[in-house]
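The values are calculated or read from the model by the stated rules, or taken from the named source; none is laboratory data. The structure displayed is predicted, hence computed values, not measured ones. Note: ideal-geometry Cβ built from the backbone for every residue, glycine included; neighbour counts use all protein chains shown.
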Amino acid sequence: MSNTTGQDTGQKPAYELLGLTAGEYRGICERMGREPNYVELAVFSLMWSEHCGYKHSRPLLGRLPTEGERILQGPGENAGIVDIGGGLAVAMKIESHNHPSAIEPFQGAATGIGGIVRDIFAMGARPVANLDPLHFGSLDKPRQRFLLDGVVEGIAAYGNCMGIPTVAGEIHFEDAYEDNCLINVMCVGLVRQEDIIRARATGPGNLVVLIGSSTGRDGIGGASILASAEFDETAEEKRPTVQVGNPFMEKKLLEACLEMRDKGLLVALQDLGAGGLSSSSSEMASKGGTGIDIDIARVPLREPDMEPFEIMISESQERMLAVVEPSREAEVMAVCEKWDLDATVVGKVTDTGRLRVFDGDEPIADMPVKALVDEAPTYVVEPRRPEHERDQPLPEDHYPQPEDLGRVLLDLLASPNVCSKRWVYEQYDHMVQTDNALWPGGDAAVLRIKGRRDGIALTSDGNGRRTFLDPRRGGRAVVAEAARNLSCVGAEPLAITNCLNFGNPEKGPIYYQFQQAVEGMAEACEALGTPVTGGNVSFYNESFGQAVYPNPVVGMLGLVEDTGRLGTHRFQNAGDLILLAGDARPAADGSEYQLTVHGEVAGRIPDVDLEGERRLQALVRRAVREGLAASAHDISDGGLACCIAESAIEGGLGAAVDLEALAGGARDGLRPDLLLFGEVSGLVVLSAAPAAARRLQEEAGDVPLAVIGEVGGDRLTFTGAGGPAIDVPLAAAADAWQNALERRMAP
Amino acid sequence: MAASPHTAAPPARFGVVIFPGSNCDADTHDAIETFAGAEGRYLWHKETRLDDLDCVILPGGFSYGDYLRSGAIARFSPLMEAVRRFAAEGGLVMGICNGFQVLLEAGLLPGAMQQNEKLKFICRLVSLKVENDQTPFTRRYRQGQVIQAPIAHHEGNYFIDEEGLAELEANGQVVLRYCDPEGEVTQEANPNGSLANIAGICNREGNVFGMMPHPERVCDALVGGTDGRGVFDSIIDSVRERSGR
């Protein structure tokens, strides 16, 4: 083992080229008791990267609640696991593939799906749904259309081939993401509780088996070089760090792993993701309290003459690492052969507490597992409030009220952030597995569980713009919104997984945003009873020093008691009354209206009343479950007017709304444009037959529930004291909303 | 599932093929199991014995990854040789989506699939007009009936030469066409560019049938509808009639 990694040979030292600091290098030397050789340094550089080591986030993530009676597995495994009763559990996880997708959208997104799906079946769960929250720059720019097109095709190509329905997600377009799109991918699986597999390499003497694709030079340094640094003019040179996906291989890998699970052949299972063999083996040893010996000479290679360090850190896709008892080796090989998969014993579990790497008989690396996995340094940065943040919201008369509010409605409905995302979700197979109890496009997806009356509800939400204006309130709002979406379909929110997309945490303002957003999320998770089951932190989402909006994306799981009684946002019957539930005052600050019509993002978003939110959501769930509400829809992008328009368009029924009935309580004296298009947490629009509406009002308790209009006709009218503020044909609204994205994407 | 007691007829026996990369095998199998008169078993792509079966279904998915051309590799699997013999002896064979593509590649049905006109994968509920209600797969429907079933494919743009099309039409081999909700066969209702709006065809003998839409996805009102049940009911009826059960 040569020791040249710390020497100055006239060039930058090796550790610096691998993204480590001099201090970190000294820390490694201390823990090793000597200087590391190059292989060891490469392994450390990955395990101590921000991506794998959570160096800036770990001290703050402790703030998030992670325990609850339904939580069977919190953060720290391949995925979180939530008990849904009857011996079944849900595995869930969200991750980012931002930088790979910005460089190579198709493969970046595709391999993002591949990675998150492996995380789910590594737990022994069968993946049943994917969700994809995506953020791009403005579609006015050709490059952004190229990215959207490529990312959606990549997700479709991988997810469709795997036979996993893509059931929900969200798509947002804004300049802040122009050079750094956010491509988050979430997968959800079902598992019988006794079948749960963990990544604990236990039992010294057990075999370590590498299953799936051979190992190549693709994705060398993905975690350290690509995921843990900002973008600059060298971004294009980083293309080789993006991996190439093979969904067919992964489909076979999935089926083989689940067959081995059913046969009880697996002691532990772990996917090879960021950091490849290095991180998978050391993490498994760490969780098992053991050590692992790996012989790289046994690793099947895609190309000759790969360096030992390349074999150890390659991020070639579609590989799994299994720990197997020696007596079951033949059975494991038989299952893999059935599925035409390579499976090779590449090492064994030891009791040394060390990750030792051999090339045949020759030792080439020897590192303490604990140092690799648990001892990456953590950094606390002095938080600094960003200069754009304000203590006060904008005065409500800050903007002049537009004269033609009907025009504003049509413009907002056609905004890519509000319009129908059908162009996207029709490219995803959203029905395979035949559990889709709701069609896409609603507030949340619902999947039945075959053989049971209940089902699971899923949503993903992020709102970077609002978090940008106030990260703590934004963090509270995004959790509240996800829960509200679930409540609108009738589901009880259970737990979340989160993907925290931020800029460079070494900068005070970014660190501040992260800290505040985590605090806000923690408060909302506590108030709404939805612990965090794990997730992913994605820092360095910056290009040329400009960060994306701070964007904590939440994936939330809920449970519906009866899949035969679900809420949709579709108006059902002419003559039904329209009701507004909740007591909050919408504002222009951070709204789609502010951006689209007034061309800026400014002010301070209203706070979330978490206690009011909890009561509101309980009422909405009851209304849906008892069949009193014919429709339920959360007010979000585009405000109340867009919310009602969407329900009308989907139901093919017009609506007449009385603005004066809207203006009571917290909304007293609010200008029509803000009533119609302002945004705030804590409002839901319901529709109900007149008798049911009366019963709802009796049962609403201290949740304000105002009748504000009636379903019917073929127009959308919003009438104030001075006459109609908006009066547009439903057909015009439908055309604007349904076809906007397709028109933007037309060649 | 056991035969329904009042008929006491033995159930129709379905085989559902699993190629590596099939992904609608379980959906199809699960759908079959909801019919009182049917039972299903899986057929691994290396199996060659089908003599216990009444109907073989090639399900949807991406057989062998479909990196070359949909169905182009699957046709060479050991099982397909057995399916060819099974069909030649008059056994019922149905291909759904990727299964349809495999039947085309294998020459068990005429024509070929191209990529969808707009070069995008499309997953959507579509309307279908039943053009032939005399096949063993569609006898429970009425001619001209409009049913709804989802499509989910990237290569469903059916093509055949002029002569072949004339033959299909003359022999009543065009079984399903894309149409609008009122049953009009229009260009706007054609989701993928298929020639003559063709969504499903059978062979001349009528015992081999392929359709791009997924009937197994519309066998339960909870998940999108029940219009697909007629396909399975038709097969069950046909099997009973053939065997005098």
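A few points about this structure:
- Flag: residue A:455 matches the condition of being closer than 30 Å to residue A:522 by Cα, touching a residue at least 24 places away in the same chain (Cβ under 8 Å), within 13 Å of chain B (Cβ to nearest Cβ) and among the small types (Gly, Ala, Ser).
- Answer residue from region B:50-73, given it is within 12 Å of chain A (Cβ to nearest Cβ) and not hydroxyl-bearing (Ser, Thr, Tyr) and is nearest to residue B:207 (Cα to Cα) among those: B:59
- Among the residues making up region A:670-726, those that are polar (S, T, N, Q) and closer than 19 Å to residue A:645 by Cβ are A:687, A:717, A:719.
- Selected residue (criterion: farthest from residue A:100 (Cα to Cα)) from residues of region A:288-333 that are in a helix (DSSP H, G or I) and at pLDDT below 95: A:308
- No other residue among A:124, A:33 is touching an Asp or Glu at 6+ places or on another chain (Cβ under 8 Å) and at positive phi apart from A:124.
- Residues in region A:401-438 that are out of contact with any strand residue (DSSP E or B) (no Cβ under 8 Å at 6 or more places or on another chain), over 13 Å from residue A:593 (Cβ atoms) and part of a loop (DSSP other than H, G, I, E, B): A:403, A:404, A:414, A:419, A:420.
- The criterion of at least 2 residues that are hydrophobic (A, V, I, L, M, F, W, C) is met, among helices (runs of 4 or more DSSP H) falling completely within region A:38-134, by A:38-47, A:58-61, A:98-103, A:105-121.
- Checked against the criterion of being over 23 Å from residue A:81 (Cβ atoms), part of a strand (DSSP E or B) and of a type in the set (Ser, Thr, Tyr), region A:516-538 has no qualifying residue.
- Which listed residue, of A:627, A:651, A:639, is buried (at least 22 other Cβ atoms within 10 Å of the Cβ), touching a residue at least 12 places away in the same chain (Cβ under 8 Å) and more than 16 Å from residue A:682 (Cβ to Cβ): A:651
- Identity of the residue in region B:21-49, within 19 Å of the chain's Cα centre (by Cα), in a loop (DSSP other than H, G, I, E, B) and farther than 22 Å from residue A:450 by Cα, that ends up nearest to the other protein chains (Cβ to nearest Cβ): B:21
- Residues of region B:214-245 that turn out to be more than 17 Å from residue B:133 (Cα to Cα) and within 14 Å of chain A (Cβ to nearest Cβ), as a count: 12
- Residue in region A:363-380 that is away from every other protein chain (no Cβ under 14 Å), under 27 Å from the mean Cα position of the chain (by Cα), among the β-branched types (Val, Ile, Thr) and part of a loop (DSSP other than H, G, I, E, B) present: yes
- Residue selected from region B:109-126 under the condition buried (at least 22 other Cβ atoms within 10 Å of the Cβ) and away from chain A (no Cβ under 14 Å), by the criterion farthest from the chain's Cα centre (by Cα): B:113
The rows are residues; the columns are (1) surrounded by fewer than 24 Cβ atoms within 10 Å (Cβ to Cβ); (2) at pLDDT 95 or above; (3) acidic (Asp, Glu).
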{"residue": "A:500", "(1), (2), (3)": "no, yes, no"}
{"residue": "A:512", "(1), (2), (3)": "yes, yes, no"}
{"residue": "A:522", "(1), (2), (3)": "yes, yes, no"}
{"residue": "A:533", "(1), (2), (3)": "no, yes, no"}
{"residue": "A:549", "(1), (2), (3)": "no, yes, no"}
{"residue": "A:555", "(1), (2), (3)": "no, yes, no"}
{"residue": "A:565", "(1), (2), (3)": "yes, no, no"}
{"residue": "A:593", "(1), (2), (3)": "no, yes, no"}
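- Among the candidates B:218, B:174, B:185, the residue that is closer than 25 Å to residue B:80 by Cα and of a type in the set (A, V, I, L, M, F, W, C) is uniquely B:174.
- Across region A:300-311, not a single residue is classified as closer than 17 Å to residue A:200 by Cα and not acidic (Asp, Glu).
- Region A:573-591, residues that are of a type outside the set (D, E, K, R) and surrounded by 19 or more Cβ atoms within 10 Å (Cβ to Cβ): A:577, A:578, A:579, A:580, A:581, A:582, A:584, A:586, A:587, A:588, A:590, A:591
- In region B:197-212, the condition of being within 14 Å of chain A (Cβ to nearest Cβ), surrounded by 24 or more Cβ atoms within 10 Å (Cβ to Cβ) and of a type in the set (Gly, Ala, Ser) is met by no residue.
- Checking residue A:65 against (1) farther than 26 Å from residue A:220 by Cβ; (2) crowded, with 24+ Cβ neighbours inside 10 Å; (3) more than 16 Å from the chain's Cα centre (by Cα), the condition it does not meet: (2)
- The residue of region A:181-202 that is surrounded by the most Cβ atoms within 10 Å (Cβ to Cβ), among those that are more than 16 Å from the chain's Cα centre (by Cα) and in a loop (DSSP other than H, G, I, E, B), is A:201.
- The residue that is farthest from the other protein chains (Cβ to nearest Cβ), among those in region B:74-99 that are under 15 Å from residue B:211 (Cβ atoms) and not hydrophobic (A, V, I, L, M, F, W, C), is B:95.
- Exactly one residue among A:446, A:479, A:432 is within 14 Å of chain B (Cβ to nearest Cβ), crowded, with 24+ Cβ neighbours inside 10 Å and touching a helix residue (DSSP H, G or I) at 6+ places or on another chain (Cβ under 6 Å), and that residue is A:446.
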